[in-house]
1. Give the average, rounded to an integer, of partner chain Cβ atoms located within 10 angstrom of each Cβ in B:325-336.
2. Measuring nothing but label to label, 7 Å from Cα along Cα→Cβ, what are B:Asp233's distances to the other copies in nm, shortest first?
3. Can you tell which of B:Ala41, A:Thr277, B:Ala176 lies farthest toward the positive end of the dipole of the protein assembly as shown, using +1 and -1 charges on the Cβ of basic and acidic side chains (Lys, Arg; Asp, Glu)?
4. So if I place +1 on the C-beta of Lys and Arg and -1 on the C-beta of Asp and Glu, and nothing else carries charge, what would the dipole magnitude of chain A be about its Cα centre? I want it in debye, nearest 20.
5. Mind checking which of A:Asp106, A:Asp155, A:Asp233 has the largest fluctuation in a GNM of chain A, springs on alpha carbons under 10 Å?
6. Which whole number gives the average, over all residues in B:46-53, of C-beta atoms from other chains lying within 10 Å of the residue C-beta?
7. Per residue of segment A:261-275, in order, report the coupling 6.51 cos²θ - 1.76 cosθ + 1.60 (Karplus, θ = phi - 60°) as ³J(HN,Hα) in whole Hz, putting x for Gly and Pro.
8. Filter the trypsin sites (Lys or Arg not before Pro) in segment B:261-322 to those in DSSP coil with at most 15 other Cβ atoms within 10 Å of their Cβ, and list the result.
There are 2 protein chains.
Amino acid sequence: MARPTVNDIAREAGVSLATVDRVLNARPGVRESTVTAVQEAITRLGYVRDIAAANLARQRQYRLVAALPDSGSQYVETLACALHDAAQTAAVARTELQILRYPAEDPHSLAALLHALPPAETEGVALMAPETPVLRDAVKALREKGIPVIAIGSDLPNTDRDHFVGIDSRAAGRTAGVLMGRFVGRGPGQILALAESMQLRDAIERRHGFDAVIQAEFPWLEVLPTLETHGSDATLRAVVTERLRHATGLRGIYVLGSGHRALAATLADLGLTGRFTIIGHELTPHTRRALQGGQIDAVITQNLGHLARSALRVLRAKADRAPIDAAQEQLRIEILIRENLPDQ
Amino acid sequence: MARPTVNDIAREAGVSLATVDRVLNARPGVRESTVTAVQEAITRLGYVRDIAAANLARQRQYRLVAALPDSGSQYVETLACALHDAAQTAAVARTELQILRYPAEDPHSLAALLHALPPAETEGVALMAPETPVLRDAVKALREKGIPVIAIGSDLPNTDRDHFVGIDSRAAGRTAGVLMGRFVGRGPGQILALAESMQLRDAIERRHGFDAVIQAEFPWLEVLPTLETHGSDATLRAVVTERLRHATGLRGIYVLGSGHRALAATLADLGLTGRFTIIGHELTPHTRRALQGGQIDAVITQNLGHLARSALRVLRAKADRAPIDAAQEQLRIEILIRENLPDQ
DNA sequence: AGATTTTTGAGGTACGCACCTCAAAAATTA
DNA sequence: TAATTTTTGAGGTGCGTACCTCAAAAATCT
């Protein structure tokens, strides 16, 4: 009844422990027919390797690396914390995580960082970065060294990364679109879209999803061309103020990326707080407060705690060449309003 | 640099391994001053017990029990599956889960089941059951035998259960209320509320939350008295048809519990499909299809996979008398619409 | 001081597995 | 058949911890 062990397999297969071990760990020097016999015994008994014991014996240490931009955005900082926490908790799983930060606007320095990683001491890399040619090369180089690479938060679809942990930006945009359409209510009107930069794939995809839904289901709404803030509060204030002067039927604002803070300030200064339906992305201390205060109507996000834990699980699995549980690793697109905001 | 082991502590504290072991496992026969010395060495080195190795040595097996009603509802079945899966995956964590089913309408037989659990072979119980006096006694009896008890899905607030894994029904109802209010749009109208039974605490609390929000934020809407179906499709059809005949300004339907299926059929037969905003609870194969088909507008739910995994983690922690990570165990109130429906 | 009790140390075994060595057995080749 | 190669078995060690025994040392009491 108890879980079968390697000894049980040896007995069942009529071979010695050494042979079972050779088969289990894919070591050479076992006849084909013996391999089959052992594998049959394994399935017959329903043996599953005790990973805890195996890792103990093997002195396994998962040495993982995560690279994040030092953009200083709340979102990235929260993710960094979540990764750190997940690694702490995963200490029992023999996981050691090194969190690297790279200058947000400098893909070359990230690539240099990645190239400098010691292959012998790196069993997996989690990457949050915009896809650029240099990065593509860096990822390729890592994979050629046998180091698994996963993308987190934002995908790198045109690289051969091993996995992506995060949500589909297009679907997230669609979700935002439906909420916007339903929240503003029937009747003509305009939607202002605001992004840090429309160079970023995430923003582009969100906007695509958003537009598609609005066009198909809420055709009476018009989504204005995206205003770009380039990360500057002053620019945001300027472009938004300008746009508000001309847009007469504005009913909603879609914040594709960061900028919630400056937007709130700008609207307050113009005496327009509460006049528009505002929907954004990512749960940060600021968007949380704004949701609670009613200045933001909904936030589309992913659970960064889950993301972090999932990333580490996936990296460990990749390092072990083990299969991953797709259902467990699929992140949900979360809709947060004031009423379902998680504590703390 | 490597993780310190018991041997390192022994050296650091200037005592033998046996003494460290006695301190770590709270065995008697160690002088107070020595205990302190060892504990100081532990904190100084930042030692954390290797749980994997400890469990291996100890031959620890977490023998857990989950009790669910055999109501046959999709929701309970899905939860049972999720628990089963979680236990499979947790096999590496030496977890053995026995899933008991009890007749949904018979709290006494559940109590009998619980009383019959062998205390020596049961390290924790997860319970999904309505709170009744017999159940309260049964929970008390279990706890007096030293068996941790947690409530899952639906809380047992007036028992001394060790923990509750699930979401706050009142907040879930509030969430449904906000969505209903915003989705139906401004202007007077009526909302039909439908429940299996208003005896169940969950339904009561959801309705409270729903009403509170509608009253406060959407006062132009009127929520009609809850129609009870008592789990019978025929009853549902009868009461809904009757109500539809009289309610003239009906704009939304709030499904507090199960009954989505029969409701959809009834509306279809009356030729009213698509006429109302429909919001319900729990993601089941049927609500999933209905969301995709546009017959339901939103579903408020909790991730049953998370619930199951969380329940097992909490039970293991309770069995070890270890602290639990509240942030990780907090389940989110999920809002699902067609656009953010998870795959599969 | 001696007798008694309490505390400590040294050592062993076990858990399930990985990884190593060396010799024996079996299969293959010449 | 003999020589060679391949396959297998027996055995050991160690990972970090739990738990056990027995004797020695230290502290406490009379």
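Read-outs: derived from the displayed coordinates by stated rules, not from any lab. None of these values were measured; they are calculated from a predicted model. All Cβ positions, even for glycine, are placed from backbone atoms using ideal geometry, and neighbour counts span all protein chains on display.
1. Details: counts 3, 2, 6, 6, 0, 4, 1, 8, 8, 6, 10, 5.
Taking the mean over all residues of the peptide, I get 5.
2. So the label point of B:Asp233 gives 6.0 nm to the other copies.
3. B:Ala41
4. Numbers: 39 positive and 39 negative charges, 105 e Å.
For chain A, the charge dipole is close to 500 debye.
5. A:Asp106
6. On the way: counts 0, 0, 3, 1, 6, 4, 10, 5.
Per-residue shielding by partner chains comes out at 4.
7. Once rounded to whole Hz, the list reads 4, 5, 5, 4, 5, 4, 4, 4, 5, 8, x, 10, 4, x, 7.
8. Working: sites: B:Arg261, B:Arg275, B:Arg288, B:Arg289, B:Arg309, B:Arg313, B:Arg316, B:Lys318, B:Arg321; in loops: B:Arg275, B:Arg321.
Passing sites in segment B:261-322 are B:Arg275, B:Arg321.
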